[in-house]
Amino acid sequence: MSTKIFAHRGASNYAPENTMAAFQMAERMQADGIETDVQLTKDQVPVLIHDESINRTTNKRGLVRNFTYEQLQQVDAGSWFHRDYAGEKIISLDYFLSWIKQTSLLLNVELKTNKFPYPGIEEIVIQRLQEHQMTDRTTISSFNPDSIRRTAALCSAIDTGFLTSKRPKHLFSLMEEIGAKALHPKFRLLNKKLLDECQQRNIPIRVYTVNQPVYILKALEAACDTIISDVPDRALDLRKSYITS
């Protein structure tokens, strides 16, 4: 099976990250899946945004967890990227799932619990996935081992990925202990030793965030399970030429 291409926060090189504009563009590009980030509002609504604050990607300031969902609906999540995207919204996980379940796209939900734990976020996200019948098409990933552990305990059937930007000691015993089924490493960690170790254990490798052609090709040559990219169109073109070469 060929390497899958996931759009990182949607087609985020071309449209404001984690907005419907970026997600719909990724679908038009024919990405295999979408990677997105989930945090909780003050009233416990899961919303799609990468940073713990809204400062970088909206016209307002403050922490996500200090706003209600209704309050977040008043902010502009597109103009920071380009005026053509003025009025784009921070969307709820529910809204997004209602859209993606009608497509053939796979989904990678990253729980952003490495700074704020957001108590109950794992249960809330799993419940939403179950309600929308998306559990079999979704991977839940996190840098926080406790979030992976809680996810695996709540729903052993769901796919889980351990995100890491460095190689921790006893990586594979940690993954086994927390119930992580796949490894999501930063692309610079990719080497033959890691590939061999994952292959021996039948652990899928899904690398992030791979944008430069030389690194996309390296991940294709390594037969990684998934490439997560801001430029899914570029990755898809390279995959096509790689397969036919």
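The values are calculated or read from the model by the stated rules, or taken from the named source; none is laboratory data. These figures come from a predicted structure and were not determined experimentally. No Cβ is skipped: glycine too gets one built from the backbone with ideal geometry, and neighbour counts run over all protein chains shown. Areas reflect the complete protein model, heavy atoms only, side chains present, ligands, DNA and RNA absent. Shrake-Rupley method; radii C 1.70, N 1.55, O 1.52, S 1.80 Å.
Things worth noting here:
- Cβ-placed point charges (K, R +1; D, E -1), dipole of the chain about Cα centre in debye, nearest 20: 680
- Mean-position separation - Cα centroids, the stretch 55-88 and the stretch 124-188, in angstrom: 28
- Accessible area expressed per residue, the chain, with surrounding protein chains retained (probe 1.4 Å, Å²): 47
- Across all C-alpha atoms in the stretch 188-245, the radius of gyration and Dmax reach 11.3, 31 Å.
- Only Lys, Arg (+1) and Asp, Glu (-1) charged, at Cβ; the stretch 154-222 dipole about Cα centre in debye: 320
- Charge dipole of the chain about the Cα centre (unit charges at C-beta), most positive-ward option of Q212, N18, A152: Q212
- DSSP beta bridges fully contained in the chain are about 15 percent antiparallel.
- Helix-only [θ]222 nm of the chain, DSSP H runs n ≥ 4, -39500 (n - 2.57) each, per residue, nearest 500: -9500 deg cm²/dmol
- Sorted largest first, the principal axis extents computed over the alpha-carbon atoms of the chain equal 49, 39, 31 Å.
- Mean Kyte hydropathy of 1.0 or more with a Cα span along the axis of at least 27 Å, helices from DSSP in the chain: none
- Residue (of G179, A223, L189) at the positive-pole extreme of the stretch 158-245, dipole from beta-carbon charges: L189
- Within the stretch 92-208, antiparallel bridges make up roughly 0 percent of the DSSP beta bridges whose residues both belong there.
- Checking the cross-link pairs K166/K240; K112/K192; K112/K186 against a 27 Å limit on the alpha carbon distance flags K166/K240; K112/K192 as lying beyond it.
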